[in-house]
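Student: Have a look at this one.
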Amino acid sequence: MIYRIKSNLKSFCHSSLFLLIFCLVSCTKLTSPEEIYTIDDTDTIRYETNNRIENTTWTEEIHKSKLVEKNVKSNSKVDIFYSEVKISQNIGEQTENPIYPKIEDFCSLDLSNIDFNTKLEITKLINKIKEENITKSDFLLGYQHEKILFDYEFSKHSKILGYFLGSPLEQSENHIFIPVQFLFEDGKLNSKIYLEKKDNTFKIKQIVFGEFISDQ
């Protein structure tokens, strides 16, 4: 009877030992570093980055030699631009003949043919009109009645906000005939002012008022 117990105990121990070894081997296989890496690798940022790089179609590098070129001169980029980019020949023509703005229903604003001193005198005179400081002494002797017509025309409109000088219609050393567009709160008034020099100062000889253009 004792023998049987010992025999069964021995058999039980053998069986338990075999089961323990089997579990250890199985667990060791499941938890091997290589297998864990394989399972988790697809969830890493490195895996996703490498996967996108491999599946991305890249264009060829443009001017690779220029990007790595050393000891480049300071004006080399300019030389590269002009040598590789075709520029319209019209650019040269526009430089020789500058383009000036033009106001619809008025005229060109090109004042390039008026010398600085003349432009300065005209501006001072028109500013006096704008500020309502114009007097009979600003009109040429014998043409002071123009001041009456001038006051009547401007009395029909609100305060002058500003003005534009147009390209001269006629000019010489002693006179200039120039368009002026006066700006009001309710519209614009086109006019042409004839100025004549007297004692080295430009005076108003005549004012021709055109159509009033309403903004309302």
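Student: Only one residue in Ile134, Ile126, Ile114, Ile148 is touching a residue at least 12 places away in the same chain (Cβ under 8 Å) and either surrounded by fewer than 15 Cβ atoms within 10 Å (Cβ to Cβ) or closer than 16 Å to Gln171 by Cα (or both), so which one is that?
Tutor: One residue alone meets the criteria, Ile114.
Student: Out of the residues in region 171-191 that are within 31 Å of the chain's Cα centre (by Cα) and open to solvent by 30 Å² or more (accessible area, probe 1.4 Å), which is farthest from Lys119 (Cα to Cα)?
Tutor: Here the answer is Glu185.
Student: Checking the structure you have, find out if any residue of region 128-147 is under 25 Å from Lys102 (Cβ atoms), assigned to a strand (DSSP E or B) and either of a type in the set (Val, Ile, Thr) or out of contact with any helix residue (DSSP H, G or I) (no Cβ under 7 Å at 6 or more places or on another chain) (or both).
Tutor: From region 128-147, those under 25 Å from Lys102 (Cβ atoms) are 129-130; that's our starting set.
So of that shortlist, the ones also assigned to a strand (DSSP E or B) come out as none.
No, because not a single residue in region 128-147 is under 25 Å from Lys102 (Cβ atoms), assigned to a strand (DSSP E or B) and either of a type in the set (Val, Ile, Thr) or out of contact with any helix residue (DSSP H, G or I) (no Cβ under 7 Å at 6 or more places or on another chain) (or both).
Student: Right, here's the next one. Sort out which residues of region 151-170 are assigned to a strand (DSSP E or B) and open to solvent by 70 Å² or more (accessible area, probe 1.4 Å), and write them in order of number.
Tutor: Matches in region 151-170: Leu161, Phe164, Glu170.
Student: Here is a follow-up. Has region 201-212 got any residue that is free of Cβ contacts under 8 Å to residues at least 60 places away in the same chain, part of a loop (DSSP other than H, G, I, E, B) and open to solvent by 40 Å² or more (accessible area, probe 1.4 Å)?
Tutor: no
Student: Condition first: farther than 15 Å from Thr123 by Cα, in contact with an Asp or Glu (Cβ under 7 Å, 6 or more places away or on another chain) and assigned to a loop (DSSP other than H, G, I, E, B). Can you find one or more residues in region 184-191 that meet it?
Tutor: yes
Student: Kindly establish whether Lys197 is closer than 19 Å to Ile134 by Cα and either open to solvent by less than 40 Å² (accessible area, probe 1.4 Å) or in contact with a strand residue (DSSP E or B) (Cβ under 6 Å, 6 or more places away or on another chain) (or both).
Tutor: no
The values are calculated or read from the model by the stated rules, or taken from the named source; none is laboratory data. What you see is a predicted model, and the numbers here were worked out from it, not measured in a lab. No Cβ is skipped: glycine too gets one built from the backbone with ideal geometry, and neighbour counts run over all protein chains shown. Please note that ligands, DNA and RNA were not included when accessible areas were found on the heavy atoms of the full protein model with its side chains. Shrake-Rupley method; radii C 1.70, N 1.55, O 1.52, S 1.80 Å.
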